[in-house]
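Peer 1: Structure below; questions to follow.
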């Protein structure tokens, strides 16, 4: 199966019409690959993963933007998460597997990962496009992460894409498995969206202590009405603790 994937990706890449990009852009993309520990040979393909439709010189040529790579990456991401959950957590039921996978591939989770990787710094935008709207920023952040996964798959095959997904979401998977019904962030997100049609907003206030023993202090805000501050050994733990406090305020 993996061999079929490898052969198929080679055929797909031959059909792509890739554009020329400046040397400085290539240098930036190389630094990104080094930071993420991913091997990419075709930087034109990688550049496409960060090309927003607003930047297209020829309107209507949507194959030159990231949407198709996003579509591919979304499928690879779902398959990777499904494989990781199925392989590593045999006690989870089908319903539990589906529910957990859905929460891991939702826009809020993916945009959070994308923000941590600073992927928006590499997006090609058209003149006048600023992504100043928080909702638009979250969507584009999640989209380019999926497009990047699509590129990794085309360049290196499913195993490398799986390794990348495990690297960026492995800790989150384990955190949610351990928290179980105590996944306060997911509970708060669902309550906030159902009540106010908006996501909770988390912000790191400060990081205390040395790198090997750091404490994170995080604040969460819902609809500018409910807010709480909490600490944790990791940013995600602090967010969970803050979400738990706000949940109690809202219920």
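The values are calculated or read from the model by the stated rules, or taken from the named source; none is laboratory data. The shown structure was predicted, so the numbers you read here are calculated from the model rather than taken from an experiment. Cβ sites come from the backbone with ideal geometry, for glycine too, and all protein chains shown count toward neighbours.
Peer 1: Looking at the stretch 45-63 only, could you name the residues that are outside any loop (DSSP other than H, G, I, E, B) and at pLDDT 90 or above?
Peer 2: 45, 46, 47, 48 - these are the residues of the stretch 45-63 that are outside any loop (DSSP other than H, G, I, E, B) and at pLDDT 90 or above.
Peer 1: Return the residues of the stretch 107-132 that are under 26 Å from residue 83 (Cα atoms) and over 15 Å from the mean Cα position of the chain (by Cα); say none if nothing qualifies.
Peer 2: Answer for the stretch 107-132, where residues must be under 26 Å from residue 83 (Cα atoms) and over 15 Å from the mean Cα position of the chain (by Cα): there is none.
Peer 1: On to the next question. Of the residues 95, 157, which single one is assigned by TED's automatic domain parsing to the domain that holds residue 54 and either under 14 Å from the mean Cα position of the chain (by Cα) or over 27 Å from residue 33 (Cβ atoms) (or both)?
Peer 2: Of 95, 157, the one residue that is assigned by TED's automatic domain parsing to the domain that holds residue 54 and either under 14 Å from the mean Cα position of the chain (by Cα) or over 27 Å from residue 33 (Cβ atoms) (or both) is 95.
Peer 1: Quick check, is residue 239 closer than 17 Å to residue 104 by Cβ, at pLDDT below 95 and in contact with a strand residue (DSSP E or B) (Cβ under 6 Å, 6 or more places away or on another chain)?
Peer 2: In short, yes.
Peer 1: Would you pick out the residues in the stretch 64-94 that are touching a strand residue (DSSP E or B) at 6+ places or on another chain (Cβ under 8 Å) and either part of a loop (DSSP other than H, G, I, E, B) or surrounded by fewer than 16 Cβ atoms within 10 Å (Cβ to Cβ) (or both)?
Peer 2: The answer is 65, 66.
Peer 1: Looking only at the stretch 163-177, decide whether some residue is at pLDDT 85 or above and within 27 Å of residue 24 (Cβ to Cβ).
Peer 2: Taking every residue of the stretch 163-177 in turn, at least one turns out to be at pLDDT 85 or above and within 27 Å of residue 24 (Cβ to Cβ).
Peer 1: I would also like to ask the following. Identify, by number, the condition in (1) modelled with pLDDT of 90 or more; (2) assigned to a helix (DSSP H, G or I); (3) more than 14 Å from residue 148 (Cβ to Cβ) that residue 98 doesn't meet.
Peer 2: Against the list (1) modelled with pLDDT of 90 or more; (2) assigned to a helix (DSSP H, G or I); (3) more than 14 Å from residue 148 (Cβ to Cβ), residue 98 comes up short only on (1).
Peer 1: Which is in contact with a strand residue (DSSP E or B) (Cβ under 8 Å, 6 or more places away or on another chain), surrounded by fewer than 21 Cβ atoms within 10 Å (Cβ to Cβ) and not assigned by TED's automatic domain parsing to the domain that holds residue 104, of 231, 225, 197?
Peer 2: 231
Peer 1: What's the number of the only condition in (1) assigned to a helix (DSSP H, G or I); (2) over 18 Å from the mean Cα position of the chain (by Cα); (3) farther than 22 Å from residue 35 by Cα that residue 135 fails to meet?
Peer 2: (2)
Peer 1: Further, regarding this structure: Looking at the stretch 171-180, can you tell me whether even one residue there is free of Cβ contacts under 8 Å to residues at least 40 places away in the same chain, within 24 Å of residue 36 (Cα to Cα) and either in contact with a strand residue (DSSP E or B) (Cβ under 7 Å, 6 or more places away or on another chain) or surrounded by 20 or more Cβ atoms within 10 Å (Cβ to Cβ) (or both)?
Peer 2: No: zero hits.
Peer 1: Further, regarding this structure: Tell me, please, whether a residue that is surrounded by fewer than 15 Cβ atoms within 10 Å (Cβ to Cβ), within 18 Å of residue 88 (Cα to Cα) and not assigned by TED's automatic domain parsing to the domain that holds residue 235 can be found in the stretch 135-149.
Peer 2: Checked the stretch 135-149: no residue is surrounded by fewer than 15 Cβ atoms within 10 Å (Cβ to Cβ), within 18 Å of residue 88 (Cα to Cα) and not assigned by TED's automatic domain parsing to the domain that holds residue 235.
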